[in-house]
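Following: one structure in structure tokens, then a few remarks.
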Amino acid sequence: MKSTTRGTLAAVITCVAAAAGAATPAAAVGTVPVPLPLGGAEKALNVELPEATGQLPVPVPGSPEGPRYVEGRLIPERAVPQLPVHGGLPGADLRAPLPHILGAGFDHVGVDAPASDLRTLAPGVSVDAPLTSPNADGFGLPQAKLPQAGVPAPLVQTVPTADLGIGPGL
């Protein structure tokens, strides 16, 4: 194979790989951008309007942990397992014109609050029967005991951030 053919083939493979990497679906990214089109209103009113864009997260359910069998219990722990859901808080990017209130160098204000990861875990249920496991001392019959019930608390974890900026033409 000639060196020019190899170079052309390498260039084609590189372009195809770059195009495939750029065409990731929205679910793989985690957020879907939502622009707010105000360009037409700006031209019609001949006024500088705020620019606003948003980001909506795509929630992804996880796989729950199954029941865990514990010695001495008739019903396994986490009879109703907790369901994890990973998603995010919506993000926003706002830019607005500011009349020269703060001086000649400050004519725009901007707020950037990117979408942040959110991890949740739904509440579950853990119960135990009012009987013990079969007892060898009692001819293989279970003993009576107080029933037990528990609800694992739900979990919400996130770290939201925001950035406020004032300056010329933000």
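The values are calculated or read from the model by the stated rules, or taken from the named source; none is laboratory data. Just so it is clear, the structure is predicted and the values come from calculations on it, not from any experiment. A quick note on method: Cβ atoms are made from the backbone with ideal geometry, for glycine too, and the neighbour counts reach across all protein chains shown. Accessible surface is based on the protein model in full, side chains and every heavy atom, while ligands, DNA and RNA are left aside. Shrake-Rupley method; radii C 1.70, N 1.55, O 1.52, S 1.80 Å.
Evaluated against (1) open to solvent by 80 Å² or more (accessible area, probe 1.4 Å); (2) without any contact (Cβ under 8 Å) to a residue 24 or more places away in the chain, N135 falls short on exactly one condition, (1). Of all residues in segment 135-170, which are over 31 Å from the mean Cα position of the chain (by Cα) and under 30 Å from E48 (Cα atoms)? Result: G167, P168, G169.
Quick check: is even one residue across segment 66-73 touching a strand residue (DSSP E or B) at 6+ places or on another chain (Cβ under 9 Å), in contact (Cβ under 8 Å) with a residue 12 or more places away in the chain and not in a loop (DSSP other than H, G, I, E, B)? Among the residues of segment 66-73, not one is touching a strand residue (DSSP E or B) at 6+ places or on another chain (Cβ under 9 Å), in contact (Cβ under 8 Å) with a residue 12 or more places away in the chain and not in a loop (DSSP other than H, G, I, E, B), which makes the answer no.
Scanning segment 153-170 for residues that are out of contact with any Ser or Thr (no Cβ under 6 Å at 6 or more places or on another chain), assigned to a loop (DSSP other than H, G, I, E, B) and not aliphatic (A, V, I, L, M) turns up P154, T161, P168, G169. Listed here are the strands (runs of 3 or more DSSP E) enclosed by segment 74-152 that have at least 1 residues being among the hydroxyl-bearing types (S, T, Y): 116-121, 126-128. Assessment of segment 64-75 against the conditions (crowded, with 16+ Cβ neighbours inside 10 Å and either of a type outside the set (V, I, T) or farther than 30 Å from A149 by Cα (or both)) yields at least one matching residue. Screening V159, V125, V111 for residues that are open to solvent by 70 Å² or more (accessible area, probe 1.4 Å) and either without any contact (Cβ under 8 Å) to a residue 60 or more places away in the chain or small (G, A, S) (or both) leaves exactly one candidate, V159. Only one of the listed residues (P84, P130) is over 30 Å from E51 (Cβ atoms), open to solvent by 50 Å² or more (accessible area, probe 1.4 Å) and either modelled with pLDDT of 80 or more or in contact with a helix residue (DSSP H, G or I) (Cβ under 7 Å, 6 or more places away or on another chain) (or both). That residue is P130.
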